[in-house]
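For reference, the structure discussed in these notes is given below.
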Amino acid sequence: EAQVVHNQVQSGPPPTVDLISLCQEGKVKEVIQHMEQGIVADAQCFEMLFELCANSKKLEDAKKVHDYLLRSKCRSDLGLSNKVINMYSKCGSMTDARRVFDHVRDRNMDSWHLMINGYALNGLGDEGLTLYDQMRELGMKPNEETFLYVFEACASADAIDEAFMHFESMKAEYGIASQMEHYLGLLGVLGKCGHLAEAEEYISKLPFEPTAAVWEALMNYARIHGDIDLEDRTEELMVGLDPSKAVANKIPTPPPKKQLAINMLEGRNRVAEFRNPTLFKDDEKLRAAMKEQAYVPDTRYVLHDIDQEAKEQALLYHSERLAIAYGLISTPARTPLRIIKNLRVCGDCHNAIKIMSRIVGRELIVRDNKRFHHFKDGKCSCGDYW
Amino acid sequence: AVSEFTRMRISGVEPNHVTFVTLLSGCAHFPAEAMSLGSALHGYARKLGLDTRNVKVGTAVIDMYAKFGLMGFAKLSFDCMGVKNKVTWNTMVDGYMRNGDFKNAVKVFDEMPERDVVSWTALIGGFVKNGIFEEGLMWFREMQLHGVEPDYVTMISVLSACANLGTLGISLWLHRFIFGSRFKDNVRVNNSLIDVYCRCGCIELACQVFDRMKDRSLISWNSIIVGLAVNGHAVDALQYFDLMLNEGFQPDAVTFTGVLTACSHAGLVEKGLKYFKEMKRVYRITPRIEHYGCIVDLYSRAGRVEDALGVIKNMPVKPNKVILGSILAACRNLSDVRLAEWLMHYIYELDPEGDSNHVLLSNIYAAVGSWRGASTVRKKMKGLGIQKRPGISSIEIDGVLNEFVAGDRSHIHAEQIYAMLEFLSGELRASGYVVDDVSELYECG
Amino acid sequence: SFATPEEAAAERRKRKRSLRLEPPLSSLRQQNQPRPTTPQSPSSVNNPNAPKIPETVSALSGNRLNLHNRILKLIRENDLDEAALYTRHSVYSNCRPTIFTCNAVMAALLRQSRYSDLLSLHRFITQAGIGANIVTHNLLLTAYMDCRKTDMAMEHYKQLINNAPFSPSPTTYRILVKGLVDNGKLDKAMELREEMLSKGLIADPIVYSYLMSGHAKSLNSDGVFELYEELKEKLGGSVSDGVIYGSLMKGYFLKEMEKEAMDCYEEAVGENSTIKMSAVAFNYILDALSKNGKFDEALKLFDRMLNEHDPPKRLTVNLGSFNVMVDGYCALGRFKDAINVFNSMGEKRCRPDTLSYNNLIEQLCKNDLLGEAEELYKDMGEKGVSPDEFTFVLLINTCFKESRPDDAAAYFKTMVESKLRPNLGVYDRLVDGLVKVGKVDEAKSFFDLMMGKLRMNDDSYKFMMNALFEIGKHDEVLKIVDRMLREDPADFSDELQEFVREALRKEGRDEELAKLMDDIEREKKEAADREAEAAEKAKASARAAVSSLINSPKLFGIKEPEEQSTTAEAARTNDDNKQAVPEQEVSARETAVEASSTGEGAES
């Protein structure tokens, strides 16, 4: 309470505040503060604010700003409502976006597009496709752009078959000629869903010569799914068509060890006959020391199902483990964690933290009331005497 | 000085305010002996009206009462004073803090017409000295918000809070701040920095600070040696010790605590004994209980209980519970229940409320499979009303200290924390970890 | 396939819903959505075997995208250990890897045949609750198939069908069918084709090509034709993908219908052909030609393929084409040509793998061309293709055949040094070869080398011992027994013991064995006793010392009361230091207060 007494109340805000220029500087917090003190924003200002919040992805700010819009005169402006939908979907809250969408009476095409795309971008493609159905049920005619968002939704929902059907319907039902973007959209559905080989075949069946953009798209999907051979090939194709896209100093791809898929040799992989099926003695020792689950070719590894007992035990977890767990989920990989404990670290925790330091790949420094423990690579500086 | 004053009075010379200030602060330094004289002086000053009219005398009176622990009187005098200046207020804040009365200290602080760096420092330092570190840091933040430039005294207080909390993030921030300040070469500030890094387990940075210091005091050397020692860098600690001798510093008792701790950490029994001997013979330092403690620990770690007991036998002071605890820990390793029981008897006399050694004893029983013994200890603890202190672990993330107790679900991210723990426990088992619930499940928490 | 988008959607949603009882769709997705403001953590890891909905591509943004790119860089640098480790470590951080990053690492591991690492990472991410997507499943299935674990692959496929919130992709079936055919499980592959069709997937010419080549391999030309007819029908009357033509030709060749086979050939690659020919499609035809007495035609086709090859735009040759040609030349005994064509593949940006090298080296060795084989082996080293155990076995065997036992021994040594794992059979062959040419000492040195590494059986031990007995080195045998008893006493079986005793008895030295065994037994017992005794002694002396001290009044007796340091804990010496600092601080602050106090006072 002392703090409250201490906080000096700021003197009232200056009578005129240039919210627009604050927006231009990107000072959302300050604009919100001013609005809290009764300064009214105009449509232009709201538009800028929505844009800023969408970019910063700060849902809390977004909600506040939206709140002020609802209290303002321009609350029923369709353009602004659409911007709010966009803002919420960028901030990851489709529930809020949907609420706004549902309240807009005179929705235009943009509203639908923003919603469908918002669902797609937030991994809710199914909802997006449902909305597209609703849109058609309401008698709205999808346009060229609509299909781009529908494809996004399909990509997000693993809906490959549907994407192709929608593509068909585009021409057959709505008389829309398919353009480059639509082909790219369809390619995106395959690419984003990880159907890379299918995507490559799709390109070979395109009714036109693939452009650099097509190869670039496939290259990006190859990057996403980690297919470096495809990435290299598509990059070469892309650069062949558009040399400006060449990347300097690219690390050459390491050669693959085996090319079973294409080598056409039958039954000549006889290495198993001469390779030791069991481990070498020294490997045995190493594995025993590491105790990592070794790959045993003949038995499936069993996933560890954490049973009830273990869960109850988790409830009894000592405070240092909780602190470590929190440290782990709050910091980047491999940063050391420093834990301070008011009592001695117990033997069980000491043992556990030692192994933990190895599996999480971090230095764990625990200061208890007796001494320091620097855990690293499965060892502790205290030499196990504490 | 007192007799001089009596002479002065007898000779009829009117004492002026300077006399009083001198005398009063003289009294303040000896609270035990000068209590009555101080009050008498105050009475005399009162008669002359000096205490209310002269701000310096008044302040001195308050300071004196504060140091006597008589805050009631201090407050009375404070309220009676006609003229108060900043120093008077600061003295009040400091007085309350000195006596652990935070509420009033903050109250006075808030009532102050004007707060300077000394006021802030008094408040922050007060919290830190009373072990309320987080509050200290909070007020430091407040001070920053108010744009008051801290001085080196403030810094030392704040660093001490960080050292105790082990908040590396804030410490790094402070270090940057200090680096840009005019007291960046202040020896004491740098000593505090070394201390803070050592206590955060960040020994590399501590060494860096130490190596960059222009001037070093004995405390600098002690800090780095002790820091290295407790962090398990025994060899480096001993190296720094040699360096220190080369630079002509005379080691003191604290230095040797560091050196001996280093030896006990690394299990260097012979070396430790050599240093212990040197300390006594060459440097003529009478070993204190903590030095004996190190030697006992050194022997105990090596499993040489008889030698450890020999040290206790021959040392001139009574062993404390820490020393006995060291041996008790050795008993666990040797599974010597008889000695453990016997030690416990003494430990209990020394520290009837202590929980950790009871737990240790119970674990020793458990380790040798004597469940009855273990449960007896637990029952005894219960009967004595000894409660296991709750274990609290803290971790600083982005400058925010997060505290946890066992089974804690209060954290806002509790769900994720437990999910991570569950996953981790699975991976631990995959790595061959076996829960050791027999021996030490309830040692701490 | 489906008639309407609605139907397709219904089927798809059903898959997702079967995860739980009718959850609202959005909540299902939501649980895997990382909340940007909160730290990420494994989503509830209740049952790691339960399927999870994988994240979508939009999850790959911000820090998680940076992580992805960082791992990709490691993969390019071929530092796969670090890539896998960093991925694991990122699970324990505020930036969980996406399934895409995990897939990238697994794909790279697969590319380098590091199957156990791949499986280990897969186990880990599954445990961590990172939902697998179709790419993950396909990688895993490929790995199982490469390892010839068809049953495991099929079991995994069943799980995918039953549990996964998405359907298998056409690629999934290609992987499975190829794997099954390659492993001689044509029946299963045929069943899988039916299943694929029943699931509404299109008839994939590539899948059919695998099946047809399987039938051709098992000399079942009717099977080939049936599949062809079926495919043709499913695709509406004609097949435009050239990938099936090679097998079709083989079918005709099997029926000795050469004309039909060559008509097929014309249809596929003739001037007016509209058939789409890929490198793989060409290879099948190339193979059909060269294995059916049409090598000249094959050469012509190969020439054309080389000419049309225009990477990256058009790919008409690949490693497989060269392998077919190498085999073709070898079959005709034209080894020089085989080597030449093999060496020329670099010109077409093709790169041989270990299998291709082994193939050619085997052919050369079989035909007493060890020198050429060794050239190739050297070439492998220069090209960065690592030889495997089979490569070395080929070379070792041939060296013995050509009476070059020392070189054989050297190859074996290189093999062991390059961390390959030859089995006991390989070792036995080496030792046998060396002993046969009287190099018992050399053999013995390999015995010594491998004894610590390989788990040997009685025969291996007996063989070595026998060789030593025969040259009268009975002492050496006793030394071996000595080492065995010390290191692996279980290996010294009764049978072996009897064997050694018998051999020694012939020399009248059989009691030496008994003595040796007794000695070691005694030694071991003595050592154990000594240890126990020492421990007991130490304990006893400690106890004695302790009890004498316990009763000594001096221990706690009349002593000065403890110093004012009840709280100064010995082990916590830094307290002292800590206290020193506030102590300074107090005085510092006081001086500050007082200084200002006097200063102010003077002013007032």
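The values are calculated or read from the model by the stated rules, or taken from the named source; none is laboratory data. This one's a predicted model, so the numbers in the text were calculated from it and none came from an experiment. Please note: Cβ atoms are built from the backbone with ideal geometry, for glycine as well, and neighbour counts cover all protein chains shown. In case anyone asks, the SASA skips ligands and DNA or RNA and just uses the protein heavy atoms, side chains included. Shrake-Rupley method; radii C 1.70, N 1.55, O 1.52, S 1.80 Å.
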Test A:GLU145 against the stated conditions and say whether it is open to solvent by 10 Å² or more (accessible area, probe 1.4 Å) and either part of a loop (DSSP other than H, G, I, E, B) or of a type in the set (A, V, I, L, M, F, W, C) (or both).
no
In this structure, does C:ARG15 turn out to be modelled with pLDDT of 50 or more and either under 20 Å from A:CYS154 (Cβ atoms) or among the aliphatic types (A, V, I, L, M) (or both)?
yes
With respect to C:VAL239, is the statement that it is under 21 Å from A:GLU201 (Cα atoms), in a helix (DSSP H, G or I) and open to solvent by less than 30 Å² (accessible area, probe 1.4 Å) true?
no
In the stretch A:241-278, what count of residues is obtained for those that are in a helix (DSSP H, G or I) and either polar (S, T, N, Q) or facing chain C (nearest Cβ under 7 Å) (or both)?
5
Check whether at least one residue in the stretch B:154-175 is farther than 19 Å from B:GLY399 by Cα and small (Gly, Ala, Ser), and report yes or no.
no
For the stretch C:369-389, check the following and say yes or no: at least one residue is part of a loop (DSSP other than H, G, I, E, B) and within 30 Å of C:ARG486 (Cα to Cα).
no
Kindly indicate which of C:ILE125, C:ILE130 is outside any helix (DSSP H, G or I) and under 24 Å from C:ASN163 (Cα atoms).
C:ILE130
Selection count, the stretch C:174-199, where residues are farther than 16 Å from C:LEU160 by Cβ, of a type in the set (Gly, Ala, Ser) and in contact (Cβ under 8 Å) with a residue 24 or more places away in the chain
1
Got a number for residues in the stretch A:126-142 being hydrophobic (A, V, I, L, M, F, W, C) and open to solvent by less than 50 Å² (accessible area, probe 1.4 Å)?
3
Just to verify a result, which residue in the stretch C:278-327, among those that are part of a loop (DSSP other than H, G, I, E, B) and touching a strand residue (DSSP E or B) at 6+ places or on another chain (Cβ under 9 Å), is most open to solvent (accessible area, probe 1.4 Å)?
C:SER278
Checking B:VAL434 against (1) within 29 Å of A:SER357 (Cα to Cα); (2) modelled with pLDDT under 70; (3) touching a Lys or Arg at 6+ places or on another chain (Cβ under 9 Å); (4) of a type in the set (Val, Ile, Thr), which test does it fail?
(3)
So, B:ALA253, is that one at pLDDT 90 or above, of a type outside the set (D, E, K, R) and touching a Lys or Arg at 6+ places or on another chain (Cβ under 7 Å) or not?
yes
Run down A:ALA163, A:ALA157, A:ALA153 and say which single residue is closer than 26 Å to C:ALA132 by Cβ, touching a residue at least 24 places away in the same chain (Cβ under 8 Å), touching a Cys at 6+ places or on another chain (Cβ under 6 Å) and open to solvent by less than 10 Å² (accessible area, probe 1.4 Å).
A:ALA163
What about C:ARG486, is it open to solvent by 20 Å² or more (accessible area, probe 1.4 Å), in contact with a Lys or Arg (Cβ under 9 Å, 6 or more places away or on another chain), over 19 Å from C:CYS365 (Cβ atoms) and not in a loop (DSSP other than H, G, I, E, B)?
yes
Filter result (in a helix (DSSP H, G or I), open to solvent by less than 20 Å² (accessible area, probe 1.4 Å) and under 23 Å from C:LEU139 (Cβ atoms)) within the stretch A:176-195:
A:LEU187, A:GLY188, A:VAL189, A:LEU190, A:GLY191
Taking B:ILE132 and the conditions (1) open to solvent by 10 Å² or more (accessible area, probe 1.4 Å); (2) in contact with a Ser or Thr (Cβ under 7 Å, 6 or more places away or on another chain); (3) among the β-branched types (Val, Ile, Thr); (4) within 14 Å of chain A (Cβ to nearest Cβ), which numbered condition does it fall short on, given that it satisfies the others?
(2)
Among (1) surrounded by fewer than 24 Cβ atoms within 10 Å (Cβ to Cβ); (2) of a type in the set (Ser, Thr, Tyr); (3) within 14 Å of chain A (Cβ to nearest Cβ), B:SER171 falls short only on (1)
Looking at C:ARG148, is it at the interface with another protein chain (Cβ under 9 Å from one of its Cβ atoms) and open to solvent by less than 30 Å² (accessible area, probe 1.4 Å)?
no
Note on the stretch A:120-146: residues of a type outside the set (A, V, I, L, M, F, W, C) and within 8 Å of another protein chain (Cβ to nearest Cβ) are A:ASN122, A:GLY123, A:GLY125, A:ASP126, A:GLU127, A:ASP133
Failed item, numbered, when A:LYS257 is tested on (1) of a type in the set (D, E, K, R); (2) open to solvent by 30 Å² or more (accessible area, probe 1.4 Å); (3) over 30 Å from C:SER386 (Cα atoms)
(3)
Positions within the stretch C:53-63 being open to solvent by less than 20 Å² (accessible area, probe 1.4 Å) and either more than 8 Å from chain A (Cβ to nearest Cβ) or of a type in the set (D, E, K, R) (or both), in sequence order:
C:ILE53, C:PRO54
Just for the stretch B:217-234: of the residues that are part of a loop (DSSP other than H, G, I, E, B) and modelled with pLDDT under 90, which one is farthest from the other protein chains (Cβ to nearest Cβ)?
B:HIS233
Any pair with Cβ under 9 angstrom, 6 or more apart, that starts in the stretch C:104-119 at a residue that is more than 8 Å from chain A (Cβ to nearest Cβ) and open to solvent by 10 Å² or more (accessible area, probe 1.4 Å) and ends at one that is at pLDDT below 90 and part of a helix (DSSP H, G or I)
C:LEU110/C:ASP146
Give just the number: which of (1) more than 7 Å from every other protein chain (Cβ to nearest Cβ); (2) surrounded by fewer than 22 Cβ atoms within 10 Å (Cβ to Cβ); (3) at pLDDT 70 or above does A:LYS285 not satisfy?
(3)
